[in-house]
Amino acid sequence: MQETHAPVLVVGGGLGGVAAALTAARLGRRVVLTEETDWLGGQLTSQAVPPDENPWIESRYASPSYRRLRQGVRDHYRRNYPLRASVAAQRLLNPGLGVVSGLCHEPRAALAVIEEMLAPYRTAGLLTVLLRHTPVAAEVTGDRVEAVTFTRPDGTELVVAADYVVDATELGDLLPLAGVEHVIGAEGVADTGELHAAPVANPLDQQAVSWCFPLEYRPGEDHTIDRPAGYDHWRTHKAPFWPGPQLSWTDVEPIDLSVRSRGLFHDNGHIPGKHDLWHFRRIVAAEQYEPGTISHDVTLVNWPQIDYWDHPLIGPGADREAALAGARDLSLSFLYWMQTEAGYPGLRLRPDLVGTEDGLAKAVYVRESRRIKAEFTVLEQHVGVEARGALAGSEVFADSVGLGSYRIDLHPSTSGRTYVDVDCYPFQIPLGALLPQRVDNLLPANKNIGTTHVTNGCYRLHPVEWSIGEAVGALAVQALATDLPPRKIRADPARLADFQRTLTDTLGVTLAWSQEIRSTPCGRQPAVPQLVED
């Protein structure tokens, strides 16, 4: 067993973990960043989910470092891909022309940019990145986490001691290892008073996961995969809340729960390229490249048909490996159904784009994690339009450390509940939601912050996770510099103001929405990017 020490240990290399490590290193502290897979980037890369963002993501209301990541992706394409000149010249270049975002791209492109952003700090000795390292134990003394033990690819163990430990894992895996008080699944309405809380608390009520994969289409060819083991089950199984078998074009409109049918390349007479499945998360648009170079579109399958809700990943009695196997089988079964019964044998997996042998993403897309019991918990009453009643806009938090904007979007759950998709206002990220009630030196930087099952639905997207990680990385540095635990920084107005100035003046982060934007429900936001001057 080997041992090492770092002032800041970041466990989990998703967007929150990368942002935390980048920020702490930028502010001059030495960081160890670990990741279970061999790719950094989490939901943007190893989980293969193109970014889902808001209309102000191109403006000062997005973190400058997150905008740098997005701009880096565009520049990566301009430097390395045979784009048509007119396409390369577009300020808001969207490589895949996907509808879900103004920046749909291949996972590898984001991975390359993340590596570029981290490179100078690795060379300077401020950042050590350890891939394929899995946390298995934590050493705790009182209210402090002293060290975390990891298994390494060769089977040996590494112990990393740290002054501050950041849990940026996808499922909040450090929380049980370190004995940090946390919540799993859904709170009951008696616990939170939320309009859309579950009738009673249920730790096994967790959002569906999805095992995503990239596809191209080659008409006239046959790329049919082997029949998956569970195909007959998925072909006939019908969940009580679903309008039919999961392997079909029929699903549910999340907002009003009406039944809808969307084809692969068309949607019941709607305009092609806007409502169909293929164009929703398209990551390669062949039309944007010089003739004779890139000939086939590629889409990223993250559609309702592959939402796996049969079994939870975590909680009492959960079998994570069995659930992961079920999610993989569902995704492959849907592909097989499209190739055979739906009549598209030319659909072809692109394993080269996700760095795997089977063509599925390296990791399952996780929507919900363990969540800390925090000093402050964000409730639906703070951000939900209906829950706010006559109050115009989201709650204003004096301890804001960042911004976000997204609907409360809960996918069907492992308890048999259908979509919960309700409107909310653009919101702030309160520092209190990043502080465990008891433990002093562990900070969350993923979907494990002080939200509820309900509000996790709007705090779980790419740019919010990045902003959480950025704030946590800066907070760890501030705590080290002042020799004060983070909760004392928050509790002292002067020290809190000092920390917020680090975020605004040094990192360029905006901590408040304009009143006009804050009071505009997400459902009424513009459909195109809003370029607000810095």
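The values are calculated or read from the model by the stated rules, or taken from the named source; none is laboratory data. Computed from a prediction, not measured in an experiment: that's the story for all the values here. Backbone-built Cβ (ideal geometry, glycine too); neighbour counts: all protein chains shown. Accessible surface areas use protein heavy atoms only, side chains included; no ligands, DNA or RNA. Shrake-Rupley method; radii C 1.70, N 1.55, O 1.52, S 1.80 Å.
For the range 356-385, residues that are buried (at least 22 other Cβ atoms within 10 Å of the Cβ), touching a strand residue (DSSP E or B) at 6+ places or on another chain (Cβ under 6 Å), over 20 Å from residue 306 (Cα atoms) and not β-branched (Val, Ile, Thr) total 3.
Counting only residues that are surrounded by 24 or more Cβ atoms within 10 Å (Cβ to Cβ), among the polar types (S, T, N, Q) and out of contact with any helix residue (DSSP H, G or I) (no Cβ under 6 Å at 6 or more places or on another chain), the range 423-451 holds 2 of them. The residue list 31, 18 contains one member that is among the hydrophobic types (A, V, I, L, M, F, W, C), over 30 Å from residue 527 (Cβ atoms) and either within 18 Å of the chain's Cα centre (by Cα) or surrounded by 17 or more Cβ atoms within 10 Å (Cβ to Cβ) (or both), which is 31. Residue count for the range 298-330, restricted to those that are assigned to a loop (DSSP other than H, G, I, E, B), open to solvent by less than 20 Å² (accessible area, probe 1.4 Å) and under 16 Å from residue 245 (Cα atoms): 2.
Here are 295, 333: which of them is open to solvent by 20 Å² or more (accessible area, probe 1.4 Å), among the small types (Gly, Ala, Ser) and in contact with a helix residue (DSSP H, G or I) (Cβ under 8 Å, 6 or more places away or on another chain)?
Sole residue among the options that is open to solvent by 20 Å² or more (accessible area, probe 1.4 Å), among the small types (Gly, Ala, Ser) and in contact with a helix residue (DSSP H, G or I) (Cβ under 8 Å, 6 or more places away or on another chain): 295.
Here the range 56-82 is the region considered, the condition is being open to solvent by 20 Å² or more (accessible area, probe 1.4 Å) and either among the basic types (Lys, Arg) or farther than 30 Å from residue 474 by Cβ (or both), and the residue that is nearest to the chain's Cα centre (by Cα) is 67.
Taking the range 115-130, which residues are outside any helix (DSSP H, G or I) and more than 17 Å from residue 14 (Cα to Cα)?
Correct list: 124, 125, 126.
For the range 345-382, what are the residues that are within 25 Å of residue 393 (Cα to Cα) and outside any strand (DSSP E or B)? Those that are within 25 Å of residue 393 (Cα to Cα) and outside any strand (DSSP E or B): 375, 376, 377, 379, 380, 381, 382.
Sub-6 Å Cβ pairs linking a first residue in the range 392-412 that is open to solvent by 10 Å² or more (accessible area, probe 1.4 Å) to a second residue that is β-branched (Val, Ile, Thr), at least 6 apart or interchain, number zero.
Looking across 197, 190, 161, 138, one residue alone is under 26 Å from residue 457 (Cα atoms) and touching a residue at least 24 places away in the same chain (Cβ under 8 Å). It is 197. In the range 278-296, the residues that are closer than 20 Å to residue 352 by Cα form Cβ pairs under 7 Å with partners that are in a loop (DSSP other than H, G, I, E, B) and open to solvent by 80 Å² or more (accessible area, probe 1.4 Å), at six or more places apart or across chains, as follows: 286/295; 289/84. Run down 388, 348 and say which single residue is among the basic types (Lys, Arg), farther than 25 Å from residue 304 by Cα, surrounded by fewer than 24 Cβ atoms within 10 Å (Cβ to Cβ) and over 22 Å from the mean Cα position of the chain (by Cα). Answer to the check: 388.
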